[in-house]
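Working notes, beginning with the structure itself.
The values are calculated or read from the model by the stated rules, or taken from the named source; none is laboratory data. Keep in mind that this is a model prediction, so the values were computed, not measured. Positions of Cβ are backbone-derived with ideal geometry, glycine not excepted, and every protein chain shown enters the neighbour counts.
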């Protein structure tokens with residue numbers, strides 16, 4: 001499968017830095033990380049989500065199939081809703097974290113960045129003859145708007161009424177005579193919206209949106225995700241890591257009778273956990289994954305993933321620890337640095353106190 | 001702190017978090033086991049998917065069960081179970097974080 005590239009790459013600002021995330025080439029940053037982060041946390045940021053594959057599930061068996069492959073319950077999901085769910089392998093390993101978009105004639109699954117090929121392969125392996133799995137990525141572009149004032153950009157760019165839609169709404173709308181699919185959903189804890197636009201109109205919409213919002217790349221987005229404890233699967237999942245260890249139990253619904261990976265999840269919920277994940281901050285150096293966590297020289301865990309948080313002005317990351325030590329408010333040593341474990345969210349989104357007017 | 005002291009500190013937080021989870025499930029009549037809620041799980045929007053009416057119910061429940069009035073608090077109090085634990089049991093409070101609000 002061809003690696004994904006942005007359909008609006010030629011319209012990206014000069015100096016954009018690119019990198020590969022799994023099967024996608026994405027814009028890591030469009031300008032300075034601080035400025036992009038500030039746009040997400042203080043104003044409005046424009047995201048090019050071209051690294052996320054759009055997969056259509058259709059056919060007479062679409063709903064049953066979706067119920068089987070998604071870890072959350074979509075049986076009564078309407079065409080006006082979307083939700084986030086994990087997709088699991090039989091052994092409970094995380095295949096991907098997807099946004100499920102309800103549609104009149106089936107469902108759209110939006111993969112996480114760069115994970116679309118793996119998702120497609122998994123879906124096709126589980127599909128029966130009454131289900132069609134179609135990769136629609138090449139027909140669209142997907143953009144995001146996030147920030148405490150992203151609602152204002154939606155109003156100026158598309159339609160003010162869309163800005164105040166309930167969380168996780170999906171509507172068919174029009175932008176400048178073009179049919180689009182619009183969703184109120186995001187990943188940074190701020191007001192978040194997504195627009196699925198036909199590819200032939202993508203560059204025009206991107207250029208127009210740039211008049212109102214600052215483009216933010218993958219690095220700024222993943223930092224903002226971590227600050228509100230939004231999972232980034234490629235950093236947090238791994239061999240032998242179940243959804244509870246990952247701290248993503250809220251992205252599965254074990255009251256559902258059946259889904260791929262359910263037995264493993266039920267066993268994890270009912271078993272004795274060996275490790276749990278908790279956030280930490282401290283120090284200027286960003287520790288690498290696997291850096292030991294110690295107390296009095298005794299190793300008790302390790303770093304899962306860490307970055308430098310602009311909001312906290314220090315290293316911020318996740319630790320995997322024994323369950324009896326996985327709690328906020330503890331002073332631990334990571335490498336040679338003293339850190340403190342945290343309650344989430346690690347940075348409070350400004351949108352939580354910013355009304356839509 | 002020694003490992004045993006850290007375990008005791010963690011246990012105190014886990015106990016308060018467990019009380020909060022039990023209260024949420026009971027007061028809001030959620031069809032889940034309290035232990036299924038994780039300490040860092042978002043309570044609103046994505047996560048436990050509580051809404052503004054649930055907040056009102058939780059204000060009342062928290063005052064009744066913990067003797068703490070949170071009516072004038074900002075929404076960050078409900079950022080997660082663990083964050084709520086800092087407010088209903090201030091002896092647990094983790095170091096102050098950056099508040100963007």
>> Would you confirm, using the coordinates I've provided, whether residue A:340 is more than 7 Å from chain B (Cβ to nearest Cβ), touching a strand residue (DSSP E or B) at 6+ places or on another chain (Cβ under 9 Å) and assigned to a strand (DSSP E or B)?
In response: no
>> I need the full set of residues from the stretch A:124-174 which are assigned to a strand (DSSP E or B) and within 22 Å of residue A:221 (Cβ to Cβ), in order please.
In response: A:140, A:141, A:142, A:143, A:144, A:145, A:146, A:169, A:170
> Among the residues of the stretch A:263-288, how many are within 14 Å of chain B (Cβ to nearest Cβ), touching a strand residue (DSSP E or B) at 6+ places or on another chain (Cβ under 9 Å) and within 30 Å of residue A:64 (Cα to Cα)?
Replying inline: 1
> Right, residue B:31: surrounded by fewer than 21 Cβ atoms within 10 Å (Cβ to Cβ) and at pLDDT below 90 or not?
Replying inline: yes
> What is the one condition in (1) surrounded by fewer than 21 Cβ atoms within 10 Å (Cβ to Cβ); (2) without any contact (Cβ under 8 Å) to a residue 40 or more places away in the chain; (3) more than 10 Å from chain B (Cβ to nearest Cβ) that residue A:301 does not satisfy?
Replying inline: (1)
>> Being assigned to a loop (DSSP other than H, G, I, E, B), within 23 Å of residue A:100 (Cα to Cα) and more than 14 Å from chain B (Cβ to nearest Cβ) is the requirement here; does residue A:31 meet it?
In response: no
> Can you tell me how many residues in the stretch B:67-91 are surrounded by fewer than 21 Cβ atoms within 10 Å (Cβ to Cβ) and touching a residue at least 40 places away in the same chain (Cβ under 8 Å)?
Replying inline: 3
> Which members of the stretch A:337-356 meet the condition of being modelled with pLDDT under 95 and surrounded by fewer than 20 Cβ atoms within 10 Å (Cβ to Cβ)?
Replying inline: A:353, A:354, A:355, A:356
> Taking the condition at pLDDT 90 or above, more than 22 Å from residue A:348 (Cα to Cα) and buried (at least 19 other Cβ atoms within 10 Å of the Cβ), does residue B:6 pass?
Replying inline: yes
> From A:139, A:146, A:121, which residue is at pLDDT 95 or above and within 24 Å of residue A:88 (Cα to Cα)?
Replying inline: A:121
> Looking at residue A:291, is it more than 12 Å from every other protein chain (Cβ to nearest Cβ) and touching a residue at least 12 places away in the same chain (Cβ under 8 Å)?
Replying inline: yes
